[in-house]
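Step one of this worksheet: look at the structure below.
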Amino acid sequence: MKRIEIRGVIVSGNYDGDWADQYIQRGIFTPESRVRKAFAEADDDVELYINSQGGSIFAGNEIVNVIQAFRATGRKVEITVGALAASMAAIIVSNSDASDVKVHQNSRIMFHGAHMFTEGGAGAHEDSASLLASINQQVIDKLTGKNPDMADEITGWFEEGRAGWLSAQQAVDMGIAGSIIGEDADAAPKVSKEAAQAMLDNGGIDIAAFDFEPPKAEAGYTETEGIEETNGAFVPLAEYETLKARLSGLQSAKDKEIAALKDDLAKAEERFTGEKIAAEKLIDDLKAEQAKLKAELDAVKTDLSAAKSESEKALADLAAECERRKTAEARHAALVGGVLRAEDGEADNLTWPDVSQRLGYAEAKKRYPDLYAQYGEQVKSKGKTK
């Protein structure tokens, strides 16, 4: 019986490739393409070991389809649940007959509602919500079909933020699993300790499931001379130590690479911090210069406003002076048009030399007798003073 394992996060074939080998071997994730390939290469029945927190719905459903197609050929797929089968991994388990599923005593199976990230407007989110509801309902229908009396409880597992956690016994009671490994020690399969250890070395089975038989001595072999591989081949201890040293060297190189990357990151952060400080100072200087220019502009605006006010006042004064002169000229024209006496206050604005020069002595004396008399008095006063 071929053993196929699903460990870690279930992902699509986009995560497959040579680069992914180390992550798959460490049980970080399992691409559905690896599972599909393993089933395609299987010549006989398969034991599918699952220890997974779940993952992609569509990648997981493809694994379900592969299992169903494999069983349709008449071959068996026996599922063993490790410590955890959660989310999509639980759905893979629940899509098999209970008789084909075994769980460990410390196994846990968990169901919850599907979720996804959506980018777009209200319509896109409505479509995503409809899809998630459809996926959830499909799982609810399968579980409640076996447990109709638990319909409300099962439905509650798929509400937002909720989950349904099942122990090994609960999984059996609900018809998800058929048996619990290690529940009956007498029924446990007999394997050698070396075979069980080999399975562990290859990422395999929980050794608590087995009763151990004493190892059989082999000619020319002692525990200090070598180790036994899964296929029974003998590997000298020296070669094992060499491989161990190589692994240690690789780890040391990896540690140095990580340390170098951390150093580069620290330098980059320091450089970024320096550039950030310089940029912030430049921004502050520009803001200060902007404030200075604004103050100067405000001062210029104030000066212009004051100059405008002074200009407007000067223009108003000029207009008043022009109006005064215009009125004076009009009155003067009226005076020179006939023999008139100067009006009260008008003499203050006229002098005898002005009018005598402009009108002539005789005409001026005739028109402005008061100015003539005043001028005569002024002349007499000056004569007396002398």
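The values are calculated or read from the model by the stated rules, or taken from the named source; none is laboratory data. Computed from a prediction, not measured in an experiment: that's the story for all the values here. Cβ: placed from backbone, ideal geometry, glycine included. Neighbour counts: every protein chain shown.
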For this session: For Met110, state whether it is within 24 Å of Glu153 (Cβ to Cβ), surrounded by fewer than 21 Cβ atoms within 10 Å (Cβ to Cβ), in the same structural domain as Val9 (by TED's automatic domain parsing) and not aromatic (Phe, Trp, Tyr).
Result: yes
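Of the residues Val46, Val93, Val11, which single one is of a type in the set (Val, Ile, Thr) and in contact with a Gly (Cβ under 8 Å, 6 or more places away or on another chain)?
Numbers: Val46 fails: in contact with a Gly (Cβ under 8 Å, 6 or more places away or on another chain); Val93 fails: in contact with a Gly (Cβ under 8 Å, 6 or more places away or on another chain).
Among Val46, Val93, Val11, only Val11 is of a type in the set (Val, Ile, Thr) and in contact with a Gly (Cβ under 8 Å, 6 or more places away or on another chain).
Tally the residues that are surrounded by 12 or more Cβ atoms within 10 Å (Cβ to Cβ) and either among the aliphatic types (A, V, I, L, M) or farther than 20 Å from Asp97 by Cα (or both), restricting the search to the range 138-161.
Of all residues in the range 138-161, those surrounded by 12 or more Cβ atoms within 10 Å (Cβ to Cβ) come to 138-140, 142-144, 146-147, 150-151, 153-158.
Now restrict to residues that are either among the aliphatic types (A, V, I, L, M) or farther than 20 Å from Asp97 by Cα (or both): 139-140, 143, 150-151, 153-158.
Summing the residues that are surrounded by 12 or more Cβ atoms within 10 Å (Cβ to Cβ) and either among the aliphatic types (A, V, I, L, M) or farther than 20 Å from Asp97 by Cα (or both) in the range 138-161 gives 11.
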For this session: Search the range 284-308 for residues that are part of a helix (DSSP H, G or I) and pair each with any residue that is not β-branched (Val, Ile, Thr) when their beta-carbon atoms are under 9 Å apart and the residues are at least 6 apart or on different chains.
Result: none
Exercise. Going by the structure shown, is Ala89 among the small types (Gly, Ala, Ser) and modelled with pLDDT of 95 or more?
Worked result: yes
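If we keep just the residues of the range 1-53 that are among the basic types (Lys, Arg) and within 20 Å of Val81 (Cα to Cα), which is surrounded by the fewest Cβ atoms within 10 Å (Cβ to Cβ)? Even if it seems obvious, please write down each step before you answer.
Narrowing the range 1-53 to residues among the basic types (Lys, Arg): 2-3, 7, 26, 34, 36-37.
Narrowing further to those that are within 20 Å of Val81 (Cα to Cα): 2-3, 7, 26, 34, 36.
Values: Lys2: 14, Arg3: 17, Arg7: 20, Arg26: 11, Arg34: 20, Arg36: 19.
Looking at the filtered set, the residue picked out is Arg26.
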Exercise. Given the structure, is Gly13 more than 24 Å from Lys142 (Cα to Cα) and touching a strand residue (DSSP E or B) at 6+ places or on another chain (Cβ under 8 Å)?
Worked result: yes
Exercise. Which of the residues spanning the range 153-193 are at pLDDT 90 or above and part of a strand (DSSP E or B)?
Worked result: Ala163, Gly164, Trp165, Leu166, Ser179, Ile180, Ile181
